[in-house]
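Novice: Input: one structure, supplied below.
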Amino acid sequence: MPKTSRRWLQPRVGPDQLYRLAPRPPVPERLGLHRGWHWARRLLRSWIAWAFLAFLLSELGYPISAIPVAFVSLFLYLASPQFHPAAYAIDPDFEPGSPEFLTTMGSITAAPFLEGNSVRIYNNGDEFYPVMIHAIESAQYSITMEQYIFWKGQVGRRFAEAFASRARAGVHVKLLVDAIGSATLGEENIRILEAGGVQLAWYHPIRWYTLTRANRRTHRKSIIIDGRIAFTGGAGLADHWLGSARDASEWRDMMIRVEGSAAAVQQAGFAQNWLVTTGEILTGAEYFPVPVRAGPVRVQTILSSPTEGAGAAATMYMLALESARRSLWIANPYFIPSGAFIDLLGRAKRRGVEIKLMVAGRHNDTWWARQNSVRLYGPLLEVGVEVYEFEPSMLHHKTMIVDGVWATIGTANFDNRSFSLNNETNLCINDRGLVNQLEHIFEEDLKRCRRIDSEIWSNRRLWYRVQELAASVIEDQV
């Protein structure tokens, strides 16, 4: 080939111009800048700092003391999560529910909206458990479940019997349960499942050779029937979800049933973790049938499996907060936002957004989460967030409604564990009827809440502050 044919390859820009072609972009607002005790906590949780201390003790002639310090360093190395890398404000020029918002949300979370679904929302165990059992007993081809909590008791036994019954009828039943969350499944339930021919697998069991992944759990609560109907939400399978949140013994929660093409996404999430756990690839129409239109609702199913801290659930929340123009109504039991999320809430408030936050109150199953949540009331109240504690029982559902046009419901708590460590599932909808239903539910729950007063919070007893400070050391683990 003649050399003259490659003249187009010769440089057209001189060396002095190479670094002056692109203007410097404007510097956006930096999120989550911290000072003081925050950095002290980060240092206290740093495995490098503990490793250096162990080395120093050894060099100074205290090898016995260096051993436990080295073990602390190893534990922190294995357990410490990554944090979401987003550091700058987004400033989108679109509103929630707009085509631009929906397209952007689907793209950055790798979860597009799917057409043709039927969606129903159920409140509390006395509503959703019978519907779930009926769906299981109606299964014809397959039942799959990915579950964080599957405990012994009345509820656990009833579901175990339903799974076993369908397996004996020839239905393929595969259950993937978290080895930590479902550790109390119980020998009786395991025998019922085994006798019926149910395939049961444990997600990330703790072994000495699996310590590097021990802190990564599946927090999903998905049950998929015949690949066409799927349930998800805040509730696991345990007795404390029975009832209708009348008192402390009956947890307040919510589940969502979707039928249509969106069910296949939850099935895909299960199939991926089933493959990783068992080595088996699920195939065929029993698990992935041809989609059939079941209703008019578009559904986005976000499967969050954090890599380097950039979980899709956190990204979804960030974009929704930045896009809000009128209202943000959030219900979440374990609300432990990072500094970046507090900044985003403050920015929304300055835009004139009404922000109502509903959290679990004194009825809380996790002392560590409770202390960390209460500790952050001050910064939230300071930026203008209205904080409400649900009083009758443990509030456990996770919903967010933006501008009355878009909403999400699922398994992700508003904390670093859900954002950076756990597998989670969240469904997003922009159907006006369903969003209005969630708004009505939120308003009814709000009547059973106590609003947090800034002055009372500021004057709380010193002992409470000490507990909160101690709990903050592991805020990224709860």
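Novice: Can you tell me which residues in segment 213-227 are more than 12 Å from the chain's Cα centre (by Cα) and either in the same structural domain as His396 (by TED's automatic domain parsing) or of a type outside the set (S, T, N, Q) (or both)?
Specialist: Arg213, Ala214, Arg216, Ile223, Ile224, Ile225, Asp226, Gly227
Novice: Restricting segment 132-153 to residues that are in contact with a Lys or Arg (Cβ under 8 Å, 6 or more places away or on another chain) and farther than 19 Å from Gly234 by Cα, which is surrounded by the fewest Cβ atoms within 10 Å (Cβ to Cβ)?
Specialist: Only one residue fits best here, namely Glu137.
Novice: A follow-up question, please. Residue under question is Phe288, and the condition is that it be assigned by TED's automatic domain parsing to the domain that holds Gln437, in a loop (DSSP other than H, G, I, E, B) and touching a residue at least 12 places away in the same chain (Cβ under 8 Å); does it hold?
Specialist: No, not satisfied.
Novice: Scan segment 311-324 and give yes if some residue there is assigned to a loop (DSSP other than H, G, I, E, B), in the same structural domain as Ala407 (by TED's automatic domain parsing) and over 20 Å from Lys221 (Cβ atoms), otherwise no.
Specialist: So far as segment 311-324 goes, yes, one or more of its residues are assigned to a loop (DSSP other than H, G, I, E, B), in the same structural domain as Ala407 (by TED's automatic domain parsing) and over 20 Å from Lys221 (Cβ atoms).
Novice: Let me ask something else about it. When you scan segment 36-155 for helices (runs of 4 or more DSSP H) that lie fully inside it, which ones turn up with 2 or more residues that are closer than 30 Å to Gln437 by Cα?
Specialist: Hits in segment 36-155: 99-108, 125-137.
Novice: Of the numbered conditions (1) in a helix (DSSP H, G or I); (2) within 26 Å of Gln272 (Cβ to Cβ); (3) in contact with a strand residue (DSSP E or B) (Cβ under 6 Å, 6 or more places away or on another chain), Asp476 fails exactly one; give the number of that condition.
Specialist: Among (1) in a helix (DSSP H, G or I); (2) within 26 Å of Gln272 (Cβ to Cβ); (3) in contact with a strand residue (DSSP E or B) (Cβ under 6 Å, 6 or more places away or on another chain), the lone unmet condition for Asp476 is (3).
To keep it simple, each residue is scored yes or no on (1) among the aromatic types (Phe, Trp, Tyr); (2) over 27 Å from Arg246 (Cβ atoms); (3) assigned by TED's automatic domain parsing to the domain that holds Gly236; (4) in contact (Cβ under 8 Å) with a residue 60 or more places away in the chain.
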{"site": "Thr109", "(1), (2), (3), (4)": "no, yes, no, yes"}
{"site": "Leu114", "(1), (2), (3), (4)": "no, yes, no, yes"}
{"site": "Asn117", "(1), (2), (3), (4)": "no, yes, no, yes"}
{"site": "Glu137", "(1), (2), (3), (4)": "no, yes, yes, no"}
{"site": "Gly156", "(1), (2), (3), (4)": "no, no, yes, yes"}
{"site": "Ser165", "(1), (2), (3), (4)": "no, yes, yes, no"}
{"site": "Leu175", "(1), (2), (3), (4)": "no, yes, yes, no"}
{"site": "Asp178", "(1), (2), (3), (4)": "no, yes, yes, no"}
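Novice: Exactly one condition in (1) closer than 21 Å to Val177 by Cβ; (2) touching a Ser or Thr at 6+ places or on another chain (Cβ under 9 Å) is false for Arg217; which is it?
Specialist: (2)
Novice: May I ask you to say which residue of Leu18, Leu57 is at pLDDT below 80 and of a type in the set (A, V, I, L, M, F, W, C)?
Specialist: Leu18
Novice: For segment 89-106, enumerate the residues that are closer than 16 Å to Tyr317 by Cβ and hydroxyl-bearing (Ser, Thr, Tyr).
Specialist: The answer is Thr104, and nothing else.
The values are calculated or read from the model by the stated rules, or taken from the named source; none is laboratory data. Predicted model, so just to flag it, every value in this text is computed and none were measured. Counting neighbours? That spans all protein chains shown, and the Cβs are built from the backbone with ideal geometry, glycine included.
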